[in-house]
Amino acid sequence: MQVEPQDRLVKADAFSLDERAAVYRAIETRRDVRDQFLPQPLPDDVIARLLAAAHSAPSVGFMQPWNFIVVRDEDRRARVFQAFQKANEEAALMFDAVAQDKYRSLKLEGIRKAPVSICVTCDPTRAGKVVLGRTHNPRMDAFSTVCAVQNLWLAARAEGVGVGWVSIFHERDVKDVLNIPDHIEIIAWLCLGYVDTLYAEPELAVKGWRQRLPLEDLVFSDTWGVRSAE
């Protein structure tokens, strides 16, 4: 049995009340920003801290499959916006007539308004063919990369930086703009910038698209469909 070296272990104390409150505040007030970005640039040191937070995310098998493409170039961002517009119109047509009108009323201007974007990718080959923890679920590399996105998002909230996740595009179009190899998967296009205000509730809830589901309806006890009060 391997014995853990004591000099590599640290105490796992609970955070102070103020520290805990800050963590929960970041979680509860994080928002997907679509249109409220200010034009001022993000300093390099802020971007570096956000990327360090993302890189501190957990990953299955410690594979760390992510890469981060920081996109400041206006021409590349304009080309990605064009790819988004094409896919966004396709998406609108997938809804019924009433929902189409509401969908088109949403302002999705983050790619053009945010001063910087970060394309977060996943490299499924990073840790080899057989990866601890991915042996029976090949999507664990992508799931791990999403953890990096969440880390970045919460750190951004603490920094007063808004983040918007753009997912409406054909992957091939964005890969062509950024010269991303075929085997690399795009997980997220993130728009980042300072904001003066955020919605008190998720924007899609405020604008009547969907409402937050009650937590008690989503928690089961010991087996599917059984709630603890039943």
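The values are calculated or read from the model by the stated rules, or taken from the named source; none is laboratory data. Here the structure is a predicted model, which is why all the values come from computation and not from measurement. All Cβ positions, even for glycine, are placed from backbone atoms using ideal geometry, and neighbour counts span all protein chains on display. What goes into the accessible areas is simple: the full protein's heavy atoms, side chains included, and nothing from ligands, DNA or RNA. Shrake-Rupley method; radii C 1.70, N 1.55, O 1.52, S 1.80 Å.
Points 7 angstrom from Cα along the Cβ direction at E90 and A52: gap in nanometres?
Roughly 4.0 nm, to one decimal.
Roughly what % of DSSP beta bridges within the chain run antiparallel, to the nearest 5? Intermediate results must be reported in sequence, preceding the final value.
Details: 20 of 21 bridges.
Antiparallel bridges make up about 95 percent of those DSSP assigns within the chain.
DSSP loop chymotrypsin sites (Phe, Trp or Tyr not before Pro) in region 12-114 with at most 15 other Cβ atoms within 10 Å of their Cβ, which ones?
Working: sites: F15, Y24, F37, F62, W66, F68, F81, F84, F95, Y103; in loops: F15, F95.
Here the sparse-neighbourhood loop sites are F15, F95.
Report the local net charge at N151: Lys and Arg +1, Asp and Glu -1, summed over other residues whose C-beta lies under 14 Å from its C-beta.
Values: positive: R30, R49, R157; negative: E159.
Local net charge: +2.
Residue by residue, what Karplus-based ³J(HN,Hα) values in Hz, rounded to whole numbers, does region 130-139 have, using 6.51, -1.76 and 1.60 with θ = phi - 60° and x for Gly and Pro?
Couplings: 10, 10, 3, x, 10, 4, 10, 9, x, 8 Hz.
How much solvent-accessible surface does H183 expose, in Å² to the nearest 10, with a 1.4 Å probe and all protein chains in place?
Near enough 90 Å² of accessible area.
Taking the Cβ of A53 as the center, what net charge do the other residues with Cβ under 12 Å away carry, scoring Lys and Arg +1 and Asp and Glu -1?
Working: positive: R49, R157; negative: E159.
Charge balance near A53 sits at +1.
Over all pairs of distinct alpha carbons, what does the Kirkwood formula give as the hydrodynamic radius of region 141-222, in Å?
For region 141-222, inverting the mean 1/r across all distinct Cα pairs yields 15.7 Å.
Taking θ as phi - 60°, what are the ³J(HN,Hα) couplings along region 10-26 by the Karplus curve (6.51, -1.76, 1.60), each to the nearest whole Hz, with x for Gly and Pro?
Karplus-based 3J(HN,Hα) across region 10-26 equals 10, 5, 9, 5, 5, 5, 5, 4, 5, 5, 4, 4, 5, 4, 5, 5, 4 Hz.
Mind listing which chymotrypsin sites (Phe, Trp or Tyr not before Pro) in region 181-230 are in a DSSP loop and have 13 or fewer other Cβ atoms within 10 Å? If you can, show how the numbers build up before the last one.
Working: sites: W189, Y194, Y199, W209, F220, W224; in loops: Y199, W209, F220, W224.
Filter output for region 181-230: F220, W224.
Run lengths n ≥ 4 of DSSP H only: what is the helix-derived mean residue ellipticity at 222 nm for the chain, with -39500 (n - 2.57) per run over all residues, to the nearest 500?
On the way: 8 runs with 89 residues, N = 230.
My calculation for the chain gives -12000 deg cm²/dmol from helical runs alone.
Calculate, for R227 and E201, the FRET efficiency according to 1/(1 + (r/R0)^6) with r their C-beta to C-beta distance and R0 35 Å; round to the nearest 0.05.
Working: r = 25 Å, r/R0 = 0.72.
Given R0 = 35 Å and the Cβ-Cβ separation, E is 0.85.
For region 55-61, take each phi angle, set θ = phi - 60°, evaluate the Karplus expression 6.51 cos²θ - 1.76 cosθ + 1.60, and give the result in whole Hz per residue in order, putting x for glycine and proline.
Per-residue couplings from phi come out as 6, 7, 5, x, 9, 4, x Hz.
Using a Cα distance threshold of under 22 Å, what count of lysine pairs results for region 79-166 when pairs must be 8 or more residues apart or interchain? Show your work: numbers first, answer last.
Details: K86/K102; K86/K107; K86/K113; K102/K113.
Taking the Cα cut-off of 22 Å, the pair count is 4.
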